[in-house]
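The block underneath contains the structure these notes are about, expressed in structure tokens.
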């Protein structure tokens, strides 16, 4: 009976592990589900992702960019088509000094995606602020700001650690079911713990 309960629990955990909704980047309304958004107006957003393709070719980042002094790409996607006809200006500053490290004058991006390339990234570790200004008629500009920390190093996210733990647990369970010697040892240890 216990064996069936463990098997069903294990299968339920695996189903949840591979569920796209658990590992999704966002998806629900509001800012609390996706930390990589700039709010331009209520319910209107620009999504942001950072890449360091030479140092971490398969990774994307948001609030923590691991290295300094390496190619860094900042990618912005308009989530509302109406902003694509407005010129947008980008600036990155080192905080708290406010020193400008990157600037792109206002221009239109009809595709809705903007890729800013910082060939050498940022030169020193610390906090930075991205300023986005969408130019409007009659000086009705929209401003948004988002901070990130550079030079924090590559760290393993809590979700990734949990996923690794589940894979190890799944591997041990498969070994338990398929290898009589391992099963006997585990059963012996459990029997000793019960005493």
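Residues considered: 100, 82. Of these, the only one that is part of a strand (DSSP E or B) and loosely packed, with under 13 Cβ neighbours inside 10 Å is 100.
Keeping to the range 104-150, report how many residues are on the phi > 0 side of the Ramachandran plot and surrounded by fewer than 17 Cβ atoms within 10 Å (Cβ to Cβ). Total satisfying the criteria: 4.
May I ask you to verify whether residue 89 is in a loop (DSSP other than H, G, I, E, B), closer than 19 Å to residue 131 by Cβ and modelled with pLDDT of 90 or more?
No: the conditions fail for residue 89.
The number of residues in the range 38-59 that are part of a loop (DSSP other than H, G, I, E, B) and either at pLDDT below 90 or crowded, with 16+ Cβ neighbours inside 10 Å (or both) comes to 8. Condition check: over 20 Å from residue 77 (Cβ atoms), free of Cβ contacts under 8 Å to residues at least 12 places away in the same chain, surrounded by 10 or more Cβ atoms within 10 Å (Cβ to Cβ) and not assigned by TED's automatic domain parsing to the domain that holds residue 60. Does residue 166 satisfy that? The answer is no for residue 166. The set of residues in the range 124-142 being within 23 Å of the chain's Cα centre (by Cα) and under 17 Å from residue 80 (Cβ atoms) consists of 132 alone.
The values are calculated or read from the model by the stated rules, or taken from the named source; none is laboratory data. Here the structure is a predicted model, which means the values were calculated and not measured. Counting neighbours? That spans all protein chains shown, and the Cβs are built from the backbone with ideal geometry, glycine included.
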